[in-house]
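Read the structure below first, then the notes.
The values are calculated or read from the model by the stated rules, or taken from the named source; none is laboratory data. As the structure is a prediction and not an experimental result, all values here were calculated from the model. So basically every Cβ, Gly included, is an ideal-geometry build from the backbone, and we count neighbours across all protein chains shown. Just so you know, the surface numbers come from the protein's heavy atoms only, side chains and all, with ligands and any DNA or RNA stripped out. Shrake-Rupley method; radii C 1.70, N 1.55, O 1.52, S 1.80 Å.
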Amino acid sequence: MLNAVGLANPGAEVVRRDVLPWLGRNLVRARVLVSVVGDSVEDFAAVIAKLDDSEAVAGYELNLSCPNVKGGGLEFGSDPTSLRAVVTLARSATRRPIFAKLSPAVAQLEGAAAAALESGADGLTLVNTVPGLLIDPNLRRPVLGFGSGGASGPGLLPIGVLAVARVFRATGAPIIGVGGVSSLGDALQYVLAGARAIAVGTAALRDPRLPERLVGELAQWCEQRGQEVRNLTGALEWRP
Ligand SMILES: Cc1cc2nc3c(=O)[nH]c(=O)nc-3n(C[C@H](O)[C@H](O)[C@H](O)COP(=O)(O)O)c2cc1C
């Protein structure tokens with residue numbers, strides 16, 4: 001899938017007033033990680049400060065794949081100075097867990113992950129989409145109205161699994177694995193690479209019940225083999 005939906009959302013104020021109370025009332029078992037973005041280093045901490053008194057929030061995921069609009073346009077995750085500043089400021093705004101989400105396209109992925117952890121992140125989310133372009137041959141123009149977009153879905157699976165394996169090997173940190181998961185076999189690959197949790201994006205758009213089914217299938221797979229999921233995390237017998 002190629003998307004350029006941007007970061008459409010109603011803004012932190014509406015999320016605080018309407019969305020989080022709704023989630024708190026209606027998703028009793030779910031633990032909600034709020035995805036946080038901003039145009040500047042300071043925006044991330046400002047959003048967190050606005051939401052942090054809500055009991056519906058279990059933690060935050062900093063989307064570091066967006067551009068630092070007020071600081072030159074480079075992605076936060078690709079600029080070690082702004083990456084450290086974003087995470088440090090976000091850390092000072094909350095005691096809840098923070099996950100730093102990175103694109104697999106950042107230079108020095110292990111270095112960026114380590115910098116996020118040193119600055120106070122509790123874990124990492126890997127991976128975000130990779131930049132892509134699809135062209136309509138008749139129009140000789142991009143298929144998406146915006147032009148280029150972020151590519152996700154099955155093609156992202158090996159990229160995400162490698163990123164998780166590399167960062168887990170380098171840091172041992174808690175990782176949420178995401179990218180191309182649409183089956184139990186895909187989820188198991190992320191776990192073996194080092195993920196402690198799995199996220200499903202594109203496949204859940206087509207099949208919203210998929211994440212729930214995968215949880216059941218994973219539990220069943222482990223039970224049949226007398227395994228515990230936690231013992232499979234990072235059990236890949238290969239060094240990236
Ligand atoms: C339509 C769409 C919108 C997305 N919006 C966001 C976003 O706002 N913030 C973010 O961090 N990632 C966003 N992503 C990336 C996904 O969270 C995920 O990292 C990526 O799609 C890879 O997982 P998948 O292959 O399971 O979709 C979006 C992905 C899609 C397909």
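Overview of results
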item: Residue under evaluation P80, criteria (1) buried (at least 20 other Cβ atoms within 10 Å of the Cβ); (2) touching a helix residue (DSSP H, G or I) at 6+ places or on another chain (Cβ under 8 Å), criterion not met; result: (1)
item: Subset of segment 115-140 [of a type in the set (A, V, I, L, M) and under 30 Å from M1 (Cα atoms)]; result: A116, A121, L124, L126, V127, V130, L133, L134, I135, L139
item: Among residues of segment 54-102, those that are over 25 Å from V15 (Cα atoms), within 16 Å of the ligand (Cβ to nearest atom) and part of a loop (DSSP other than H, G, I, E, B), counted; result: 0
item: Residue match in segment 41-49 (condition: within 27 Å of E212 (Cβ to Cβ), open to solvent by less than 80 Å² (accessible area, probe 1.4 Å) and at pLDDT 95 or above); result: no
item: Subset of segment 35-44 that is assigned to a helix (DSSP H, G or I) and of a type outside the set (A, V, I, L, M, F, W, C) - its residue that is nearest to the ligand (Cβ to nearest atom); result: D43
item: V5 vs. criteria within 14 Å of the ligand (Cβ to nearest atom), part of a loop (DSSP other than H, G, I, E, B) and open to solvent by 30 Å² or more (accessible area, probe 1.4 Å); result: yes
item: Residues located in segment 103-137, provided they are under 24 Å from D52 (Cα atoms) and either open to solvent by 40 Å² or more (accessible area, probe 1.4 Å) or assigned to a loop (DSSP other than H, G, I, E, B) (or both); result: L117, E118, S119, G120, A121, D122
item: Selected residue (criterion: farthest from the ligand (Cβ to nearest atom)) from residues of segment 141-158 that are under 17 Å from L188 (Cα atoms) and surrounded by fewer than 18 Cβ atoms within 10 Å (Cβ to Cβ); result: P158
item: Residue pairs meeting the criteria (Cβ under 7 Å; at least 6 apart or on separate chains; first of a type outside the set (K, R), in segment 85-96; second open to solvent by 30 Å² or more (accessible area, probe 1.4 Å)); result: L89/E42; A93/A49; A93/D52; T94/D52
item: Any pair with Cβ under 6 angstrom, 6 or more apart, that starts in segment 123-141 at a residue that is of a type in the set (S, T, N, Q) and ends at one that is assigned to a strand (DSSP E or B); result: T125/E61; T125/F99; T125/K101; T125/I176; N128/K101; T129/G150; T129/A151
item: Verdict on V47 being farther than 16 Å from L126 by Cα and either under 18 Å from the mean Cα position of the chain (by Cα) or in a loop (DSSP other than H, G, I, E, B) (or both); result: yes
